[in-house]
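Contents: one structure, followed by commentary.
Bear in mind that the values in this text are calculations on the coordinates, not laboratory data. Predicted model only: the values in this text are computed from it and were never measured. No Cβ is skipped: glycine too gets one built from the backbone with ideal geometry, and neighbour counts run over all protein chains shown.
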Amino acid sequence: MAESARLPPPFGTRLDRSRPLKFRFEGREYDGYAGDVLASALAANGVWALSRSFKLHRPRGVVSMSGREANTLVHVDGVPNVLADRLPLYQGLVARGQNVRGSIEHDRGAMIASLSHFLPVGFYYQAFYKPAGAWRHWEPLIRSLAGLGAPDADAPEPRAVDHEFATCDVAVVGGGVAGMAAAIAAAGAGARAMLFDDQPCLGGAQDYDPSLADGRLASLRDALAGTKARVCLNTTVTGIFADNALIAISASALLHVRAKRIVLATGADEQLAVFRNNDLPGVMLGSAASRLARCYGVRPGRRATIVAADDEGYRVALTLVQAGVEVQALADLREGPVDATLAVRLEQAGIEILPRHGPVEAHATRGNMHVSSIVVAPLSAEGTLSRERVREIQCDLVAVSVGRSPSLGLAAQAGAKVVYDSAVQALAVQDCPAGLCIAGAAALCCDADDAIASGTEAGAAGARAVPATRKSGARAPAFTFAHPKGKEFVDLDEDLQIGDLLDTVAHGYAHIELVKRFSTAGMGPSQGKHSALPVLAVVASATGASPDAIGLTTARPPFFPEPMATLAEPHAEPFRLTPMHECHVALGANMIAAGPWLRPSHYGAAGDRLACAENEALAVRNNAGMIDVSTLGGIEFRGPDAAAFLERVCAGRFADTPVGTIRYALMIDESGVIIDDGVAARLADQHFYVTATTSGVDAFLRRIRWWNTQWRMRVDMTAVTSAFAKVNIAGPNSRAILARVCQDLDLSGAAFPFMSVRTATIAGVPARLLRIGYVGELGYEIHVPTSCGVHLWETLSESGKPDGLKPFGMDAQRLLRLEKGHFIVGRDSDALTHPREVGLAGLARRSAAGFIAKRSIEMRERLGSPRHLVGFRCERDGGPRPQEGSLVMRGETVIGRVTSTAYSPTLKHVIGLALIQGAKGESTELELKIGGVVRRVQVAKTPFYDPDHARQSL
Amino acid sequence: MSAERIRRAYLVHSELALHGIVLRDPSDMPALLVGPVAGTLRLLELSGLARLGVKGPRARALLNAAGLDCPAEPNRVTLGAPGVIVAALSRSEFLLSTTPEASSPKISSVREAWARSPDESYLVEHGESLYCFGLAGARRQDLYARLCSIDFGSPASEPGRVLQTKLARLSTIILRCDGQGAAYDLILGDVSFATFMWRTLFETAQRFGGEAAGIRPL
C-alpha cells in the first residue's frame, strides 16, 4: 500500500496540483496538494489507518470522508480530536494518531482487545465499587485509559476565533441542489438569505456523483452566485435553538445567526452495514470511496468489492472502474437495481453481480491494519445469511452502499417531530414548527428534480412550515448481520457491537433512552449519525417491538463536535477601572479583581501583602490614610416619596432623618434575609444619596425598581456609582489634612458631626462629604465628579504629606473594619442570615410599617435565632492560625465557620468573626478545626477596637 | 484653589496614548466625524462632549421650556436645537449631548430651567457617568456584528434611532445620528468600562482597516 494512489485529472476536482505541500504524520514526511484534507493526502500516500479505536484499540480509517465519525480523529499541532477528513492540508502540518500507546502499527494498548470478554457493555457500572475502597485503586488506571485524545500542555494557546452575529430572513442549511434552490428562491423573493454548508464547495452528493444532477449543478451555482445570498462554506451548523437561533462554526469563526425562517436541506447520511470486522481500514461507505476518487484524486483501493442495497452502489462501482480499481463483485442485498440499465453497465464493465448476497465478515491483513478480503453469502427468504454457501473475495476495498437516512438531527433540535416511519423504512419528519421547512433528501426526495423542486418551494416566500414532498424512493433499512464471533460494530465511536446491545436489553434497559445511556450508543462524537438505525433495528429485534414504537433518542446540540477554543468569545472579560486607577499603578499598588473592578489590595510587591496591609492599617490608626472607594455603589433617590420609599426597602426610619444627616441602611429582602448594606445621606427633603456595596448595588437597584413598578411611588432612582470618584480619608490627622483643601466648610466636630453629610468645595471641585467611620477613625468620604477624581487624589496626597498620609488598599481596609467588628454582607453573612444573627434586630424592629421584610422579621423573631455572629481572639502563636472558612466544632459536630480573621497589629493578637449555631452568650470559647488540628480560641466582645466609638466621633 | 486649576481627566485617554493617538482640538471634530473617512471605519473618543440626562414625569416639559425639541417616540434621536442632540431613552427619560459638529450653550439652559422649576424632573450627570465614543464609516455594521446581536440592517436601526443594547456584553446606548449628510453613531456606556470598551472597539475596528482619534475635553 506504500505506492502513490493519486489519480490524474479529471479526478481530484478540489485539488490545486500546482501547490504541492509537505506534512508529517506519525513522524514521517509525506506530500500532498492544496485542496487535500489530511485523510485524503494520507490515503494518497497509502496510509489508511489514522488512529485506534476508543475502547478496543482497533486500527481505524476513513468511513465517510465527510467527518461523520470518530475514526478520523487525530492530534494535529498540539490540538487533539481534529477530524482528518475535514482538516484542510497545509504546509508543515504535523499530526499523529490518537488512542495509541506506541505507534498506530504497534499499539501496546491493543492488548486490551484480548480482554474484551471481560469488558462487556456497562462493566464499569458493575465493578470497582467493592470491596469498599476499591475504587481508589482502580481510578488511576481507569482515568489513564479513559478519554478521547489529550490536550498538549505545551502547545501554544489556540487562536481565538471570530465571533459574529448575523441576521437574515431565510437561513438555509445544506448546500446541495435543494439548499441551493431554496437560497435562490428566497433571495429571488427579496429575502436576505444565508446558506451554510460544511463542505468546501456546493453540490452535496452531486459533488462526487455528478450523474445525479445531470449537469444542472453548474447552472444552480451560477444562479446562486447571481443573488445577494450570503454563502458560508466550510461552515457547520451545530445547533438550532429557540426563536430560530442557529450556531454555525468554521475553522476561523463562530456565527450566532438569527433567522426569520429556516430551511433544512441537510441531505441524508449514508448508512453502514453491520457485519463482522466492518470497522477495518479499507471498509468504507460508497460515498467515501467516490469522494476520495472524484474530489481528492485518490484511488481508494486496487481491488474492490461493493456491498449494495441501493442503486448508488452501482454508480460507485462504475466510478471505481473509471478510477482504475478492479471491482471484483457487487453483492446486492436486493434482487437487483431499480434502474436495470445499471446492471447492464456493470456487466459490460466485467463486474460480477451477486443478487441477494450479504456480507458475512471481512478479513484483515496482519494486525488488523487493512481489509484483505470479504466473505459474502446468499440471503435466505428470512433475511439471514447462509453459513454453507459462503464465498471469500480478495480485495483491499469494501465499499458499502446500503442506503441513506435523512439527516434530521437539526430538525429535531428545532422542534420538528422526527420518527422512524416503517412505511418508508427511514427517519421522517411528522410535524414541523412554524418557520421551519425541510427540503431535499432530508425530506425523502429521491432524485435531483424532486430535491430542486422541494428546495424552491421551501425557499419561496410564504412557504408552509411542513415537510416538502415525500417520496418513497429513499429507503434505508438497517442491515445488521450478527456473527458468532462478534466484532460486528454498530457504533464505531464506542466500539459497540451487536452483542453489547443484546446484553443491554437483557439487563432490562429496553427503552431506547436507557439503551443509549447504558450502552453509550450514539454518545460519541458522531452522535449516532450512522448508528441510530442499526441500534433501533437490533433493539427492535431483541425486544420484539416495532421500530416505530421504540422511537428515537432526543437530539441535542451540538450536532457536530465543537472545539472548545471556538466557544471562547473574544473580549469576554469586561473590567471596570476607577478614575484614579493610574494613580494606584504609579504608586506600585498590587491590583486585584473585585468582581469586574480592579482595586489595590495593598501598595507594594505582591509577596509583601500581609506586611504592607499591616503597615497601611497602622498609618490609619496613628496618622491618616486614604483609600479609593469609587467602586462603592451609589443611588440617588429623588422625589416626593423618596423617604417613604426608602422605609419600604431598607430597615430603619428615614422619614424623620434631618437634612444633612446620615443613617445606616440595611437592605433586607421579603424573606427577612440581609442582602446588602450602606448608608443613606439626606441631601434635601426629597433627595437621598444612598450607598451600597460594590458587588451588591446592581442587584439591589434591580430589586427596588421591580418593586416600584407595582407601587408606583413618586420617586426616581438613578444609579450614580460611576458618576462619582470617591475617596475615604481616615485617621486622627484627617481633619487637618482636609482643612487645607476645603475652606468653605467648618470641619469641626460640632459643626460637622459623625453621621452627617455636607456639600462643599474641595480643591476647587464641588464635593459631597460624608462623615462616616467604616474603619473606626475620624474620617470623611469625599465624593466628586468622576472626571475630577485624579485631581482630588493628587491634591489630597500633596496636602497630607506633612501629616504622614498614606494610601491604603482593600486588605488594610478589611483589617481595620474587622477591628471595629463591622460585618461584610456576603462574607460574614450568607443567603440565610437575618438581622438578629448579626446583632441588628433592634434596627429591624424599628422599621416602618410598610417595610417589605417587616412580617418576615417578626416571624423570625418569634422563632428565635438559630445562629449568631460572634467575635473571637487568640494569640498569634500557640497553635495554627485560624483561617477564613475554618470550621467551628462542638465535639464532633460542626456548628459554624470562621467568616473573617486577621492579625491585628494594633491589638497585637489575632481577631475574627465566626457565624455559629446557638444563642448569643452560650460559649466563652470556640473550638476551631484548622487544617485537621483543633484550637481553642476565646470568645470576645466586638468591637475589638475602640468599643466606645470615641475615635470616629471626634 | 480656583476652579480654573482643576484638571479633568478621562482614564481612557491613557489607552489612546498607548497607541500613539494624540488628542485633537474640538474644532477638528466635524471633519473627523462627518467628513470623508479615509479608511473604512473611524473611531473617536468624545467623552469630553457635554452631556446631561433629564428624567421624570415633567422631563419633556422641562426640555421644551429650555427651547429644545424632543423626539415624539422613545428610542429616537433628533437635533433638539442647533448643536444639541436629544435622545429619548423612554417616554420620560432623555439624554442630551452636544453635537460633535458644533457646541451649544443649550445644555446649560436646561440646568437653568431645572433650577427654576425642579419639580418631578431630575437631572442625571451623564457627562460624568458615561463615556462617549463616535463611530463613522461604511463598515460600522461589520464591527457591530462582532460585538452585538442586534440586526443593524433592519429599519429599527436606521439613522434617527436609539439602540439600547449590549455591546461586548455591556449595557450600551447607541445613537444613530445623521449629521451634515453623513451618518455616524455615538456610543455611550458606563464610564468605568471605558478603557475596556475602547480597547475592544479599537481592536475590532483595526480588523476592518479602521483608524482612531480623540478629542481634547471641551
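Using C-alpha pairs below 8 Å separated by at least 6 residues, the relative contact order for chain B is 30 percent.
Partners of A:LYS228 within straight-line reach, counting lysines whose Cα lies under 22 Å from its Cα and excluding those fewer than 8 residues away in the same chain: A:LYS260.
Counting only lysines at least 8 places from A:LYS920 when in the same chain, those with an alpha carbon closer than 16 Å to its own are A:LYS941. If Lys and Arg each add +1 and Asp and Glu each add -1, what is the summed charge of the other residues whose beta carbon sits under 11 Å from the beta carbon of A:GLU26? Residues close to A:GLU26 contribute a combined charge of +1.
Taking a point 7 angstrom from the Cα of A:ARG24 along the C-beta vector, which residues in the stretch A:74-90 have backbone N less than 16 Å away? In the stretch A:74-90, the label zone of A:ARG24 (backbone N under 16 Å from the point 7 Å along Cα→Cβ) covers A:75-79, A:90. Along the axis of the charge dipole computed for chain A (Cβ charges of +1 for Lys and Arg, -1 for Asp and Glu, origin at the Cα centre), the listed residues A:VAL338, A:SER787, A:THR480 are led at the positive end by A:SER787.
Ranked by the mean number of other Cβ atoms within 10 Å of their residues, highest first, the peptides A:309-317, B:62-70, A:133-141, A:348-356 come out as A:309-317, B:62-70, A:348-356, A:133-141. Legend: residue pairs A:LYS130/A:LYS487; A:LYS417/A:LYS485; B:LYS55/B:LYS166, Cα-Cα distance threshold 32 Å; pairs beyond threshold, A:LYS417/A:LYS485.
Relative contact order, whole percent, for the stretch A:829-920 stands at 28, derived from Cα pairs under 8 Å and 6 or more residues apart. By the rule of a C-alpha distance below 14 Å, with chain neighbours fewer than 8 residues away ignored, the aspartates and glutamates paired with A:LYS516 are A:ASP491, A:ASP493, A:GLU494, A:ASP495, A:ASP500, A:ASP503.
Taking other C-beta atoms within 10 Å as the exposure proxy, A:THR266, A:THR13, A:THR520 rank A:THR13, A:THR520, A:THR266 from fewest upward.
Between A:TYR664 and A:LEU115, the contour length at 0.36 nm per residue exceeds the alpha carbon distance by 190.5 nm. For chain A, the longest principal axis of the alpha carbon atoms and the long axis of helix A:697-711 meet at an angle near 90°.
Based on every Cα atom in chain B, Rg and the maximum pairwise Cα distance Dmax equal 16.7, 53 Å.
Taking packing as the residue-averaged number of other Cβ atoms within 10 angstrom, the listed peptides A:103-111, A:207-215 run from highest to lowest as A:207-215, A:103-111. Listing B:LEU44, B:LEU123 from fewest to most neighbouring C-beta atoms within 10 Å gives B:LEU123, B:LEU44. Counted over the protein assembly as shown, the DSSP beta bridges are approximately 75% antiparallel.
For the peptide A:633-643, the mean number of other protein chain Cβ atoms found within 10 angstrom of a residue's Cβ is 2.
Of the trypsin sites (Lys or Arg not before Pro) found in the stretch A:866-954, those in coil by DSSP whose Cβ has at most 13 other Cβ atoms within 10 Å are A:ARG876, A:LYS908, A:LYS941. Neighbours of A:ALA253, meaning other residues whose beta-carbon lies under 14 angstrom from its beta-carbon, give a summed charge of -2 when Lys and Arg score +1 and Asp and Glu score -1. Sorted fewest first by neighbouring Cβ atoms within 10 angstrom, A:ILE674, A:ILE930 come out as A:ILE930, A:ILE674. Among the residues of B:184-194, the average count of other protein chain beta-carbon atoms within 10 Å of the residue beta-carbon is 4. When only C-alpha pairs under 8 Å and at least 6 residues apart count, what is the relative contact order of the stretch A:118-198, in percent? About 22 percent, as a whole number. For chain A, the longest principal axis of the alpha carbon atoms and the long axis of helix A:532-543 meet at an angle near 80°.
Geometric descriptor of the stretch A:24-76, per residue, is 86 Å³ (volume of the convex hull of the Cα atoms). Taking only the alpha carbons of chain A, we obtain Rg and Dmax values of 37.2, 114 Å in that order.
The Cβ shell under 11 Å around A:THR759 holds other residues with a net charge of +1, Lys and Arg each +1, Asp and Glu each -1.
Past the 17 angstrom mark, what percentage of all C-alpha to C-alpha distances in the stretch A:358-430 do you count? Value for the stretch A:358-430: 63 percent of Cα pairs lie more than 17 Å apart. Label sites at A:SER386 and A:ASP449, each approximated as a point 7 angstrom past Cα along Cα to Cβ, lie 4.0 nm apart.
For the stretch B:42-150, the ratio of Cα radius of gyration to the globular rule of thumb 2.2 N^0.38 Å stands at 1.12. For chain A, the longest principal axis of the C-alpha atoms and the axis of helix A:854-863 are separated by about 90°. Simple point charges give the picture: +1 on the Cβ of Lys and Arg, -1 on the Cβ of Asp and Glu, and for the protein assembly as shown a dipole about the Cα centre of about 2280 debye.
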